[in-house]
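Before any comments, here is the structure.
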Amino acid sequence: MTPVAIRVKKRRDTLRKAGLRPVQIWVPDTRAKGFDEECRRQAMLVALADTHEPDIASFLDAAAADLDGWEA
């Protein structure tokens, strides 16, 4: 095992002992063709939804306020 691999293993073992586990997360590739257009399309849909449902902002504010005291 290389020194880097040993360090990585030690770090991962420490994290596991702390009750954590590794996860793999797949996210959209921001370099992909059409990514920016898709972002604009989705943002427009959200903006339109806000105009059709004005109560959503107060709902989201109330939901965010309910997070007080939660640990990250």
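The values are calculated or read from the model by the stated rules, or taken from the named source; none is laboratory data. Keep in mind the model is a prediction, meaning the values are calculated, not measured. In this analysis, Cβ positions are derived from the backbone assuming ideal geometry, glycine residues included, and neighbour counts consider all displayed protein chains.
Of the conditions (1) part of a helix (DSSP H, G or I); (2) of a type in the set (S, T, Y); (3) loosely packed, with under 10 Cβ neighbours inside 10 Å, T14 clears all except one; give me its number.
The number of the failed condition is (3).
Can you tell me which residue in the stretch 30-72 is nearest to L20 (Cα to Cα), limited to those that are small (G, A, S) and outside any helix (DSSP H, G or I)? Before you say what the answer is, go through the steps one by one.
Taking the stretch 30-72 first, the residues small (G, A, S) are 32, 34, 43, 47, 49, 57-58, 62-65, 69, 72.
The next check asks that each one be outside any helix (DSSP H, G or I); those that pass are 32, 34, 69, 72.
On the way: A32: 32, G34: 36, G69: 22, A72: 14 Å.
The residue in question is A72.
Right, A32: of a type in the set (A, V, I, L, M, F, W, C) and at pLDDT 95 or above or not?
yes
Among the residues of the stretch 23-39, write down those that are of a type outside the set (A, V, I, L, M, F, W, C) and surrounded by fewer than 10 Cβ atoms within 10 Å (Cβ to Cβ).
Here is the first cut: in the stretch 23-39, the ones of a type outside the set (A, V, I, L, M, F, W, C) are 24, 28-31, 33-34, 36-38.
If the condition is that a residue be of a type outside the set (A, V, I, L, M, F, W, C) and surrounded by fewer than 10 Cβ atoms within 10 Å (Cβ to Cβ), then Q24, P28, D29, T30, R31, K33, G34, E37 are the ones that fit.
Would you mind telling me which numbered condition in (1) loosely packed, with under 10 Cβ neighbours inside 10 Å; (2) outside any helix (DSSP H, G or I) L20 fails?
(1)
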